[in-house]
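Okay, structure first, notes after.
Please treat every number below as a calculation from the coordinates, not as lab data. Fair warning: this is a prediction, and the values are worked out from it, not measured in the lab. Here Cβ is always computed from backbone atoms with ideal geometry, including for glycine, and neighbour counts include all displayed protein chains.
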Amino acid sequence: MSPSPGYFHGIVNCWFDVMMAQQQTTLQEPLLADNVIIRERNAEFVQLGQDLADLRDVIVQVNELVGEQGEQIAQGGENVEHAKEDVHQAKEELQTAEGHANAARRKKIIVIVIALCVIAAIIIIIASVAGALS
């Protein structure tokens, strides 16, 4: 007995179905691999976005610190200018004080010399009066 034509047709259809299933599986495997790669890349892009946001926050903080330091540096520059003016004024006051001290010293010496002269004159007068009485 020979197989009927429908039998071969069934075998061919079965074989065709198996081949199609294998081909779909073969096609689905790269698609699954592609999906995994796409998901991994998507996760990497999300992480990159978070890293960029963190970097932006750091840059904003650094910018704020630089701004604050700029103000402090400007204030420091003003303080240096004020100190320079104060030092110049103090130098002038020290020179004036030195002049007053020298003048006071001269006056003191003159007073001492005059006092010594008066004492010497008194001694001479007393000595001459005592010599005249004797």
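Setting aside same-chain residues fewer than 8 positions from K108, which aspartates and glutamates have a Cα under 18 Å from its Cα?
Within reach: E98.
Given labels modelled 7 Å from the Cα in the Cβ direction, how far is it in nm from V58 to I114?
About 8.2 nm, to one decimal.
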